[in-house]
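What follows draws every value from the coordinates through simple rules; no lab data is involved. Since the structure is predicted, the reported quantities are computational estimates derived from the model, not experimental observations. Don't worry about glycine lacking a Cβ; one is built from the backbone with ideal geometry, like all the others, and counts go over all protein chains shown.
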Amino acid sequence: MVNRVLISTIYKGTAVIQAIKQFSPHKVYFIIDEPADEVRKTSISMVRDLFKEQTYAEIPAKIYDITGIAKAVMEVIEKEKDSEIIVHVSEGRKTMSFGLLFAAYVCRKSVSAAYYITEETNTLIQLPLLDLKVSKQKKIILEKIRSENLDIPTLEEELGITASTLYVHLKDLRDEGFLTRDNKITEMGRIVLLDCQNQSASIKSQTKR
């Protein structure tokens, strides 16, 4: 029997309770702000008291750091990739939900489903899991921009493309939300540069220390 893992935002805990009832996970991860506020602490204690058979863990993150949240969640997804992974985004700050969803998009192959539960009727809504990826050439362009090393002639030579093709890639990246209008990297751009395999290598490195 495959283990089921639930990765969830949390605030008051009402939707989380419904999610646990619905999916019966073996393990539950809560994304919490660091340090956690009293509401979340109380909610987590309540959930743990209600469902004593589950194993629980926390993913500490800065509440408005979408990229940091995504990276932390990706590390958990990679660690739990042999389990059935479900993400739940009903509670907490929108930035936490975005970070969790973006991590699921980047690690699309390892995530089974994503859900939102309505506050009024506890209706379960399955959310689409997008495949958040860019081509190898566009990834190199994003990396250069992130490191503030966007040298058009050097990129043309490195990528083996013309300036006109490079400008088309830049326009695509802006249209897709990875760059701003003035070619600054966005949160989505930073997140798409993250990689589940890289997170796995990071985890193994930390384990060896």
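Ranked for footprinting exposure by Cβ neighbours inside 10 Å, fewest first, HIS169, HIS88 give HIS169, HIS88.
Here the sum of -39500 (n - 2.57) over DSSP H runs of 4 or more residues, divided by the residues of the chain, equals -14500 deg cm²/dmol at 222 nm, to the nearest 500. Relative to the longest principal axis of the C-alpha atoms of the chain, give the angle of the C-alpha long axis of helix 136-146, reported between 0 and 90° and rounded to the nearest 10°. It works out to around 90 degrees.
Taken as Cα centroids, the range 86-148 and the range 1-51 sit 19 Å apart, rounded to the nearest whole angstrom. When the C-alpha to C-alpha distance is required to be over 21 Å, the pairs from LYS52/LYS94; LYS139/LYS184; LYS81/LYS138; LYS79/LYS184; LYS109/LYS171; LYS81/LYS133 that qualify are LYS52/LYS94; LYS81/LYS138; LYS79/LYS184; LYS109/LYS171.
First measure r as the distance between the Cβ atoms of GLN22 and THR162, then evaluate 1/(1 + (r/R0)^6) with R0 = 45 Å and state the FRET efficiency to the nearest 0.05. The pair GLN22/THR162 has a calculated efficiency of 0.30.
Taking the Cα centre of the range 136-192 as the origin, how large is its charge dipole in debye, to the nearest 20, when only Lys and Arg (+1) and Asp and Glu (-1) carry charge on their Cβ atoms?
Here the size comes out at about 200 debye.
Taken along its three principal axes, the alpha carbon spread of the chain comes to 61, 43, 33 Å, from the longest extent down to the shortest. Rounded, prolate or oblate: which one fits the range 4-127, using the alpha carbon gyration tensor with axes a ≥ b ≥ c (rounded when a/c is under 1.5, else prolate when a/b beats b/c, else oblate)? Rounded, because the longest to shortest axis ratio a/c is under 1.5.
Take LYS81, project a point 7 Å from its Cα along the Cβ direction, then tell me which residues of the range 105-124 have their backbone nitrogen under 13 Å from it. Output list for this probe position: 106-111.
Which FRET efficiency, nearest 0.05, do GLU176 and THR118 yield, Cβ-Cβ r, R0 35 Å?
0.75
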